[in-house]
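The block underneath contains the structure these notes are about, expressed in structure tokens.
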Amino acid sequence: MYKPDLTRADVTPEAAWLNRRQLIAALGAGSVAGASLSFAARAQEALEPNTWEQITGYNNFYEFGTGKTDPAQYAGEMVTDPWTVTVDGLVDNPGEYSLAELIGDIPTEERIYRFRCVEAWSMVIPWNGFELNRLLAKVGVQEGARHVAFETAVLPEVMPGVNYPILDWPYREGLRLDEAMHPLTIMATGIYGRPIPNQNGAPMRLVVPWKYGFKSIKSIVRISLVAEEPFATWNQSQPSEYGYYANVNPEVDHPRWSQASERVIGSGLFARRQDTLMFNGYADQVASLYEGMDLTEKF
């Protein structure tokens, strides 16, 4: 059994709510669950999470505005209960599900992940959620499905940003099926053991820790299994700047800035930038997904 090397009591008081025995109990004692836990544990290392205030107060969520503090200021009016998610495409069990129907019987766990924005800043976030592959297994993936497409809510009455043509609303993203099925890919429903705040993507968002943050779509209302590469908002808006894959890669710069280093949120005004790691530090777990691909072309 995995013995954790994370000392949360020394990191921040906010992480003390969960102990490892609870996590293992939630996952179950089976061999598949044990393998999943071991896989996730290797990715967590001794990461030091950012504070609740940093994680919830510094966000990109253009539906609420383009400023980093706009989501925290304006997202509070969004009602996330009840919440409906449409599942369609190449699935055995399509339909419109309440969130409780869709995920209520899937146990959650804690995942402490690095989070790297394409704007070259980073955090470490203690998510609560579940592996996306569990949800996909529940709805039944049909032969021929090669990608998973996602869509964010559009609520003009509470999302001031969607009243402006900043992007082609609704916000949409996608993953190749093997990326979606990977054990590191999760659907997050909480942070620090609390329900995920609206500004961070309540009630459910995607988290893919080896990709730039814009891939981790928030406030999901549609999940579609499709054969062809789906529409992805930033990639379609500015394809020369934002690739469909969006893997963190310090060797491939954004056209307007370097990706070789990053500013760590919470490190202080005069702190030195941190070197960016290939696949955001998860290369050992995910590099095999892209074997034989030219990552300067498929960026």
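Structure summary
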{"quantity": "Subset of segment 243-291 (residues that are more than 24 Å from Tyr58 (Cβ to Cβ) and hydrophobic (A, V, I, L, M, F, W, C))", "calculated": "Val252, Met278, Ala283, Val286, Ala287, Leu289"}
{"quantity": "Residue count for segment 97-147, restricted to those that are more than 28 Å from Ser258 (Cα to Cα) and more than 14 Å from the chain's Cα centre (by Cα)", "calculated": "27"}
{"quantity": "In segment 65-110, residue nearest to Thr185 (Cα to Cα) [restricted to those that are assigned to a loop (DSSP other than H, G, I, E, B) and open to solvent by less than 30 Å² (accessible area, probe 1.4 Å)]", "calculated": "Ile106"}
{"quantity": "Residue satisfying condition, being in contact (Cβ under 8 Å) with a residue 12 or more places away in the chain, in contact with a strand residue (DSSP E or B) (Cβ under 8 Å, 6 or more places away or on another chain) and within 15 Å of Ala120 (Cα to Cα), within set Ala271, Ala227, Ala232, Ala260", "calculated": "Ala260"}
{"quantity": "Residue satisfying all of: in segment 18-64; in contact with a Pro (Cβ under 6 Å, 6 or more places away or on another chain) and modelled with pLDDT of 50 or more; most open to solvent (accessible area, probe 1.4 Å) among these", "calculated": "Phe39"}
{"quantity": "Considering residues of segment 111-136 that are part of a helix (DSSP H, G or I) and touching a strand residue (DSSP E or B) at 6+ places or on another chain (Cβ under 9 Å) only, the residue surrounded by the fewest Cβ atoms within 10 Å (Cβ to Cβ)", "calculated": "Arg134"}
{"quantity": "Sole exception among (1) out of contact with any Lys or Arg (no Cβ under 7 Å at 6 or more places or on another chain); (2) open to solvent by 50 Å² or more (accessible area, probe 1.4 Å) for Arg273, by number", "calculated": "(1)"}
{"quantity": "Top-ranked residue in segment 249-264 [being part of a loop (DSSP other than H, G, I, E, B) and open to solvent by less than 20 Å² (accessible area, probe 1.4 Å); ranked as farthest from Val148 (Cα to Cα)]", "calculated": "Gln259"}
{"quantity": "Total residues in segment 246-299, condition aromatic (Phe, Trp, Tyr) and under 20 Å from Glu229 (Cα atoms)", "calculated": "2"}
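The values are calculated or read from the model by the stated rules, or taken from the named source; none is laboratory data. Values in this document were obtained by computation on a predicted structure and should not be read as measured data. We place every Cβ from the backbone using ideal geometry, glycine too, and count neighbours over all the protein chains shown. In case anyone asks, the SASA skips ligands and DNA or RNA and just uses the protein heavy atoms, side chains included. Shrake-Rupley method; radii C 1.70, N 1.55, O 1.52, S 1.80 Å.
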